[in-house]
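Notes follow once the structure below has been shown.
The values are calculated or read from the model by the stated rules, or taken from the named source; none is laboratory data. These numbers were taken from a predicted model, which means no experiment stands behind them. Glycine also receives a Cβ, built like all others from the backbone with ideal geometry; neighbour counts cover every protein chain displayed. Areas reflect the complete protein model, heavy atoms only, side chains present, ligands, DNA and RNA absent. Shrake-Rupley method; radii C 1.70, N 1.55, O 1.52, S 1.80 Å.
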Amino acid sequence: MKTAKTTRIWVTSALLAAMVVCYGVWVITEAPSYWETFLFVTLLFLLFSIAIIRFVPYLLLYFETGKEPHLERIGERTYRRCGLRELAGVVLWILVLRLLQLLITYLIHFGLFGYTETFFRVQRIWLDFYHARTSFPAYPLLSNLFWFVSFNFNHARFISSYLVTALAGAMFYYWVLMDFDRPVARHTVFFWLLLPAGCLLMGTLPDGLFILFSLLCLMFAQKRKFVLANVFAMLSVMTHLLGVLLFVPCIIEFSEMLVEDLRKHREEKSGYLLRRILPAISFLLIPLGFAAVLLYSSVQFGSPSELFRAAAETFGYVPSTPFASAAALSNRFLDAIRTTSGEELLFELGNTVPNLFYLVLGAALLILAPGRVRTSHIAYMIAAYLAIACTGTLLEVPRLLSLCAPFILTITLSVKPKWLRYVLYAVGFGLFLLYLTAVVGGYTVYGAAI
């Protein structure tokens, strides 16, 4: 007990010291332009520090006992099997809801511009999100298979996004159902679809495909089928760079399996090492997926780094520390308030306010997650949050955090009263309509330039 406490103190202290160093370097090397920026970054520093203090004991206890406290709660688990018919119903409902988005898109366009185009011509807006120079290979290659249905590559990608989003929703439902009851699974899928960034799922973007692959990876890692988990992690990497971070939950689940084997002396059985070699080697599939992206970039554009260079140029990605990125976003917001007006101010607020809010929300969810979701999923959330915070511009925070499924699950689990869930549904739907209106009106939303 004393050794475990000492380990917890040392690990927590080391991580907090690293946080203090990063924060101190930012304060010394990049003096805040505004005192509001200093307060905002300090708030993020405190929230993330609290998240570390909460997570480290939870992680060490997990490796010591192999137990997930949230799985012991009575009434939140379901043991009735989820059948194919139930999942097919989820797919059907999502397909219908996505069709309603097409109708809402037309009504918004009619309200903004009057009758200028037919219903189907208006929907061409969803075909304009795809940019070959910045797209990882999995999405264009898989979506092009639908060319045999539409005989048009733009339409093929639209059909792919439409269908894959429904499959991802069903996978979301099943993944949550592995640990929780059906109401939690339904609410999680609803929150995912009603988040403001959910309006982009209809566009020719890889978001739905990435969610599908990442959830399959998390599911198989949870089932301790690591070869399949790493296959889908590789496909996730080939869909979006955030897929690299799936290594974190997979390796934690794999390490816990080895610790459990030692705890139960399974390693003493004949052939144990041979049964563990293939799952261990399969982790090489993740860097292999990254190598496949480099090869695709080399073949398609003539240089292995061209895909990343184009993405950095298009979206303004620059390597940065989390605090410097947050400060730059805060300064942009404050500059806009002080120096611009009219439509330009509205544009800047639309680009900065949601990202500032999601930075705080993400840090708060990291604090709430321990004891609610799996340890490996919390580690994935922390890795994703830090990776997103280091992109420099931070204009895609809501969209990128929405690609990390445990964040959405944590929102659901943190909102218990039914009335509060319905209030969030109403707020979410209102914001969904607001940002859908921005997309239809021609604004750039969450870095998804059109």
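Annotations
- With every protein chain in place, the stretch 278-325: carbon and sulfur % of accessible area (1.4 Å): 74
- Accessible area per residue in Å² at 1.4 Å probe, computed on the chain: 46
- Relative compactness, the stretch 7-58, computed as alpha-carbon Rg over 2.2 N^0.38 Å: 1.27
- Listed peptides 103-116, 226-239 appear in the order 226-239, 103-116 once ranked by packing, highest mean of other Cβ atoms within 10 Å at the front.
- Globularity ratio of the stretch 208-252, using Cα Rg and 2.2 N^0.38 Å: 0.95
- Span from the the stretch 118-148 Cα centroid across to the the stretch 282-308 one, whole angstrom: 21
- Per-peptide average of other Cβ atoms within 10 Å, ordering 373-379, 125-131, 323-329, 16-22 highest first: 373-379, 323-329, 125-131, 16-22
- Extent along principal axes [Cα atoms of the stretch 110-187; Å; largest to smallest]: 48, 35, 25
- Simple rule: put +1 on each Lys or Arg Cβ and -1 on each Asp or Glu Cβ in the stretch 247-321, find the dipole, and look at 319, 286, 296; the Cα lying farthest toward the positive end is 286.
- Computed as a quarter of the hull surface, the mean projected area of the alpha carbon convex hull for the stretch 194-335 stands at 12.2 nm².
- Distant alpha-carbon pairs in the stretch 367-430 (separation over 17 angstrom), percent: 49
- Surface composition of the stretch 111-200: carbon and sulfur atoms hold 68% of the protein heavy-atom accessible area at a 1.4 Å probe.
- Considering only 367, 281, 382, the mean-square fluctuation computed in a Gaussian network model of the chain, springs between alpha carbons under 10 angstrom, is largest for 281.
- Kirkwood Rh and Cα Rg combined as Rg over Rh, evaluated for the stretch 101-235: 1.03
- Shape metrics for the chain, restricted to C-alpha atoms - Rg then Dmax, Å: 22.5, 75
- The protection proxy used here, the mean number of other Cβ atoms lying within 10 Å of each residue, ranks peptides 418-428, 399-409, 172-182 as follows, highest first: 399-409, 172-182, 418-428.
- Restraint check, 5/223; 5/225; 223/269, Cα-Cα greater than 24 Å: 5/223; 5/225
- Viscosity 1.567 mPa s, temperature 4 °C, Stokes-Einstein D of the stretch 283-367 from Kirkwood C-alpha radius, µm²/s: 82
- Candidate membrane-span-like segments in the chain, meaning DSSP H helices with Cα atoms spread over at least 27 Å of their own axis and a Kyte-Doolittle mean of 1.6 or above, are 35-65, 84-113, with no membrane implied.
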